[in-house]
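A short write-up of the structure that comes next.
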Ligand SMILES: *Cc1c(COP(=O)(O)O)cnc(C)c1O
C-alpha cells in the first residue's frame, strides 16, 4: 500500500512480527549469534542478509534508515554517526585520490572545510562554484576526472535555495550524479529525487531529530543513476572489489550497489556508525517531523516578516519573503514552506549583533540549529570561525549575519523576546 509522508513518519521502518514489541527496540548489542560457522561465513561473503556486527549493520539502525529512505522515496539508505560522516562517505564512495568533484560554494561551514581542506589531503580536489553563475561558467569547472556535483537544498546558514533540476541536468550532461544535502528542507518540504537528484544526504541532528538529543547523518540513494553507463568513471562500483573476493557491486546489487558499497566497504573500514540508542531517539523525532516542520515554517515566516519591517534590522534573508532573491526558487522547490532558519543582519557593528544576542531571554545562543527551541548563532564568531572574511562572503555568510533558528514555541513570545533584546541594544 502506498503511504503518504505523514503515515511514513509514524509507521515506516520497524514492522513488528507477531508478539514483538510495538515500539522499535534498541538492539544495544555489538554482536549477533549464529548456530553454525557456515551461516556466519555466508554473511561475510554478502551471500545472505543478516546481522553479525553492529559496525556493519544493526536492526535498530536499519529500521530508522528504512524510514528515512521511504520519506525520501529512495531504494536504499544508511545512517552515519554525523552529518559530516554522511557527506564524506557520499562523496568518498565514488571518488578516490586523483579524482575531482564540484560543489556549490554556499554550503555549511563544516562541509566547506571537509571538501576544501581535508579531502584535498586525500588527493581529492574540489572546485567551489557560485550557483548564481551562468551554465557556461559552471560547466567550465567539469573535468574528465570529475565524479559528482554537490549542493544543499537550502544552504546553512545563508538560506540560498539550490536549483536542483538545473544542476541535476548539468551533472547528467557530464555523466556524474548530483548529491544534495537536504538537511534544512527535510523530505517534508522537498524530495530532491523528484527533481532529478541522485543521492540525498542529511544531518539528522537537525529537524529530523528536532530535539537536539543526538548527532547523526543519513545517505539515501534514489537508485536512478546508471553507474554501468559510465563504468570507466566509477571503477569502485563497476569493477571487482578485491577486498570482497572480487565482487562487483553493480552486478551483485543492482540499484542498491551504491549504498551496499558505503556499508560493506566504507563502514567496514572507517566506522562512523551511529549507536542504536541514538537511532532510537532519532526515530522518536521522525515520528513528529510532519507536525513540527510546518510549525517551524509558519513561525519563521511571521518572524521574517516582522524583522523585515523592523527599522533596527539591516537585511533579512528568508526565501519565504517576496523580496527575497530566492523567492521564486523557493516557490518551485518548497511550495509548502522552506525551514525555520532565518539569516539577518542588524544595523550597526559586529559588536551590536553580539550585544543583541546576549540580551535575549529564552532564545539561547547555542551551536545548533533546526531544533524545537528557538536559538541564535553568529557564524562569523562561532561555526565559521576558521574562515576568512573573504571566504565567509564567498560562502554567502556576511560577517554581521545572525542565524536565527525559529522553534515551535508561541510565535508572539519569540517576537517579544527579539523585540526586548533589540530595545536594550
Ligand atoms: C549541521 C549540518 C551538517 C553537519 O552535520 P553534523 O550532524 O553536525 O555532523 C551538514 N550539512 C548541513 C546542511 C548541516 O546543517
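No value in this document is a laboratory result; all are computed from the given coordinates. Quick caveat, the model's predicted, so the values are computed rather than measured. Backbone-built Cβ (ideal geometry, glycine too); neighbour counts: all protein chains shown.
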Legend entry - Enclosed volume per residue, in Å³, of the convex hull spanned by Cα atoms of the stretch 1-118: 184
Legend entry - Ranked 403, 22, 355, criterion: other C-beta atoms within 10 Å, fewest first: 22, 355, 403
Legend entry - Principal-axis tilt of helix 83-92 within the chain, Cα atoms, nearest 10 degrees: 50
Inset, instruction - Select from 271, 158, 77 the residue whose mean-square fluctuation is largest in a Gaussian network model of the chain (Cα-Cα springs shorter than 10 Å). - result: 271
Inset, instruction - Relative to the compact-globule scaling 2.2 N^0.38 Å, provide the ratio for the alpha-carbon radius of gyration of the stretch 297-425. - result: 1.00
Legend entry - Rounded to 10°, Cα long-axis angle of helix 411-423 versus longest principal axis of the chain: 50
Legend entry - Equivalent ellipsoid, the stretch 118-187 (semi-axes from 5 times Cα gyration tensor eigenvalues, Å): 20, 16, 12
Inset, instruction - Tell me the label-point distance for the pair residue 270, residue 331, using the 7 Å Cα-to-Cβ offset, in nm and rounded to one decimal. - result: 4.1
Legend entry - Cα-based Kirkwood hydrodynamic radius, the stretch 226-340, one decimal, Å: 18.6
Legend entry - the chain - share of DSSP beta bridges that are antiparallel (%, nearest 5): 60
Inset, instruction - Fewest Cβ neighbours within 10 Å first, please rank 368, 296, 378 accordingly. - result: 368, 378, 296
Inset, instruction - Take the stretch 159-301, drop everything but the C-alpha atoms, weight them equally and run the Debye formula without solvent; then report log10 I(q)/I(0) at 0.09, 0.14, 0.16 Å⁻¹ to two decimals. - result: -0.35, -0.79, -0.97
Legend entry - Value of relative contact order over the stretch 183-251, rounded to a whole percent, pairs C-alpha under 8 Å and six or more apart: 21
Legend entry - Long-range tail of P(r) for the stretch 377-421 (Cα pairs > 11 Å, %): 70
Inset, instruction - May I ask for the angle, rounded to the nearest 10°, between helix 289-309 and the longest principal axis of the chain, with both axes built from Cα atoms and the value confined to 0 to 90°? - result: 30
Legend entry - Among 235, 157, 274: highest mean-square fluctuation, GNM of the chain, C-alpha pairs under 10 Å: 235
Legend entry - For the chain, calculated [θ]222 nm from helices alone, where every DSSP H run of n ≥ 4 adds -39500 (n - 2.57): -9500 deg cm²/dmol
Legend entry - Estimated Rh, the stretch 78-161: Kirkwood, alpha-carbon pairs, angstrom: 13.2
Legend entry - Cα coordinate range in the chain, projected on the principal axes (Å, largest first): 72, 56, 37
Legend entry - Candidates 74, 116, 159: whichever shows maximal mean-square fluctuation once the chain is modelled as a Gaussian network with Cα springs under 10 Å: 116
Inset, instruction - Using only Cα atoms, locate the centre of the stretch 210-279 and the centre of the stretch 25-93, then give the distance between them in Å, rounded to an integer. - result: 10
Inset, instruction - Output the relative contact order of the chain, whole-number percent, from Cα pairs under 8 angstrom with separation of 6+ residues. - result: 17
Inset, instruction - Starting from the alpha-carbon convex hull of the stretch 288-360, give the projected area averaged over all orientations, in nm². - result: 5.6
